[in-house]
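K.L.:
What follows is a single structure, and I will ask about it in a moment.
The values are calculated or read from the model by the stated rules, or taken from the named source; none is laboratory data. No experiment lies behind these values; they were computed from the predicted model shown. Neighbour counts run over all protein chains shown; Cβ positions are idealised from the backbone, glycine included. What goes into the accessible areas is simple: the full protein's heavy atoms, side chains included, and nothing from ligands, DNA or RNA. Shrake-Rupley method; radii C 1.70, N 1.55, O 1.52, S 1.80 Å.
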Amino acid sequence: MSQLPPVLSRLSLPVIASPMFIVSTPRLVIAQCKAGIVGSMPALNARPAAQLEDWLAEITESLDAHNRAHPDQPAAPFAINQIVHRSNERLEHDMALCVKYKVPIIITSLGAQPEINQAAHGYGGIVLHDVINNTFARKAIAKGADGLIAVASGAGGHAGTKHPFALIEEIRAWFDGPLALSGAISTGNGILAAQAIGADFAYIGSAFIATEEARAADAYKQAIVAGSSDDIIYTNYFTGIHGNYLKPSIIASGLDPDHLPVSDPTHMNFGADRAAKAWKDIWGCGQGIGAVQRVQTAADYIAQLQREYDQARRRLAL
């Protein structure tokens, strides 16, 4: 395993909760951090943009209060996801607020900019960049990212096509820094498996949609509980970038999930010109939902992950 920076060395469970568009808000982030894993949300979930400052204040104040009340069991750090893409007109504004509130971890997606990394480093933060292949991984580290999130096949939202074994092995051949694995992980067994192949952390998203704190429609949560990997469709139709989505939501929008057109990859607008919009109407989701059996609190789900992880370690005498 890597020599981890201090901010990532005090987790009770080696898990980073992935930032989910629309779904992740301070309520979920705070619950995740209090339960001992990195909680995260996209900056773009705060709408209007001015709301982001209120949310950052809420998160930092809530976690500070928790830490004062529980000095022996402090909360895990939180992360804010920045979409580093030309379509994101808020990037400079949102990053300035992250600097103001000294957000411990910045997660960058869809582009790597040295300026973002430098801004985080200026106040002592770290940057994790998500990548779908080894080429992008090398570019991200060359531009100053501190760690990587390997988004393998089966991950929710904008996912890659690489098998996790191949992707982690290729990255670990040259990179010994913080590395998380994303892709169909929803159990303690999966967390340990991610570590076994060379990752430091599991990156878990879709299972958190089926938690009480998630800002998701009840129908979305129930679709997660009822669904399996057979219900996941991989397409670039909705945003111009390939991603995994729940088949029932595509059908409910009047589309045929088995015959979706191919979209222009330069046209990334989150479906703004379509009646069915990602991620509001077309629900992002990864392949690991078959293990999700019920809607529960984030704390209860994380406690379940901890039990499963400990059992897996004992089974393998680790």
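K.L.:
Return a yes/no flag: does region 105-128 have any residue that is aromatic (Phe, Trp, Tyr) and loosely packed, with under 14 Cβ neighbours inside 10 Å.
P.N.:
Of the residues in region 105-128, the ones aromatic (Phe, Trp, Tyr) are 123.
Narrowing the set further to residues that are loosely packed, with under 14 Cβ neighbours inside 10 Å leaves 123.
Scanning region 105-128, I find at least one residue that is aromatic (Phe, Trp, Tyr) and loosely packed, with under 14 Cβ neighbours inside 10 Å, so the answer is yes.
K.L.:
Every residue in region 214-250 that is part of a loop (DSSP other than H, G, I, E, B) and either touching an Asp or Glu at 6+ places or on another chain (Cβ under 7 Å) or among the aliphatic types (A, V, I, L, M) (or both), please. Spell out how you get there, then give the answer.
P.N.:
Start the filter on region 214-250 by keeping residues that are part of a loop (DSSP other than H, G, I, E, B), which leaves 214-217, 227-228, 236-242.
Those that are part of a loop (DSSP other than H, G, I, E, B) and either touching an Asp or Glu at 6+ places or on another chain (Cβ under 7 Å) or among the aliphatic types (A, V, I, L, M) (or both): Ala214, Ala216, Ala217, Gly240, Ile241.
K.L.:
Next question, about the same structure. Would you please list the contacts, defined by Cβ atoms under 6 Å and residues six or more apart or on different chains, that run from a residue in region 48-68 that is within 15 Å of Arg90 (Cβ to Cβ) and open to solvent by 30 Å² or more (accessible area, probe 1.4 Å) to a residue that is at pLDDT 95 or above and hydrophobic (A, V, I, L, M, F, W, C)?
P.N.:
If the second residue must be at pLDDT 95 or above and hydrophobic (A, V, I, L, M, F, W, C), the pairs left are Glu53/Leu97.
K.L.:
Being among the hydrophobic types (A, V, I, L, M, F, W, C) and either touching a Cys at 6+ places or on another chain (Cβ under 8 Å) or closer than 19 Å to Ile232 by Cβ (or both) is the filter here, so list the residues in region 180-198 that pass it.
P.N.:
Narrowing region 180-198 to residues among the hydrophobic types (A, V, I, L, M, F, W, C): 180-181, 184-185, 191-194, 196-197.
Leu181, Ala184, Ile185, listed by residue number.
K.L.:
May I ask you to verify whether Ser87 is touching a residue at least 24 places away in the same chain (Cβ under 8 Å), assigned to a strand (DSSP E or B) and among the small types (Gly, Ala, Ser)?
P.N.:
Details: touching a residue at least 24 places away in the same chain (Cβ under 8 Å): yes; assigned to a strand (DSSP E or B): no; among the small types (Gly, Ala, Ser): yes.
No; evaluated as a whole, the condition is false for this residue.
K.L.:
Restricted to region 3-47, and to residues that are modelled with pLDDT of 95 or more, open to solvent by 10 Å² or more (accessible area, probe 1.4 Å) and small (Gly, Ala, Ser), which residue is nearest to Thr211 (Cα to Cα)?
P.N.:
If we take residues in region 3-47 being modelled with pLDDT of 95 or more, open to solvent by 10 Å² or more (accessible area, probe 1.4 Å) and small (Gly, Ala, Ser), then Ala31 is nearest to Thr211 (Cα to Cα).
K.L.:
Checking the conditions here, which among Ile16, Ile22, Ile59 is touching a Cys at 6+ places or on another chain (Cβ under 9 Å) and either among the aliphatic types (A, V, I, L, M) or outside any helix (DSSP H, G or I) (or both)?
P.N.:
On the way: Ile16 fails: touching a Cys at 6+ places or on another chain (Cβ under 9 Å); Ile22 fails: touching a Cys at 6+ places or on another chain (Cβ under 9 Å).
Every option except Ile59 fails the conditions.
K.L.:
Checking the conditions here, which among Gly156, Gly177, Gly160 is out of contact with any Cys (no Cβ under 8 Å at 6 or more places or on another chain) and either farther than 21 Å from Ser9 by Cα or open to solvent by 20 Å² or more (accessible area, probe 1.4 Å) (or both)? So that I can check it myself, show each step before the final result.
P.N.:
Details: Gly156 fails: out of contact with any Cys (no Cβ under 8 Å at 6 or more places or on another chain); Gly177 fails: either farther than 21 Å from Ser9 by Cα or open to solvent by 20 Å² or more (accessible area, probe 1.4 Å) (or both).
Within the list Gly156, Gly177, Gly160, the selection yields Gly160.
K.L.:
Just name the residue that is surrounded by the fewest Cβ atoms within 10 Å (Cβ to Cβ) out of those in region 195-213 that are assigned to a helix (DSSP H, G or I), small (Gly, Ala, Ser) and under 15 Å from the mean Cα position of the chain (by Cα). Explain how you work it out, then say what you get.
P.N.:
Taking region 195-213 and keeping what is assigned to a helix (DSSP H, G or I), we get 195-196, 206-210.
Restricting the remaining residues to those that are small (Gly, Ala, Ser) gives 196, 206-207, 210.
Within this subset, residues satisfying the condition of being under 15 Å from the mean Cα position of the chain (by Cα) are 206-207, 210.
Working: Ser206: 29, Ala207: 26, Ala210: 24.
It comes out as Ala210.
K.L.:
Let me ask something additional. With the requirement that a residue be in a loop (DSSP other than H, G, I, E, B) and either out of contact with any Ser or Thr (no Cβ under 8 Å at 6 or more places or on another chain) or not β-branched (Val, Ile, Thr) (or both), what does region 25-56 give you? Please lay out each step first, then the result.
P.N.:
In the first step, residues of region 25-56 are kept if they are in a loop (DSSP other than H, G, I, E, B); the result is 25, 35-37, 46-50.
Selection gives Thr25, Ala35, Gly36, Ala46, Arg47, Pro48, Ala49, Ala50.
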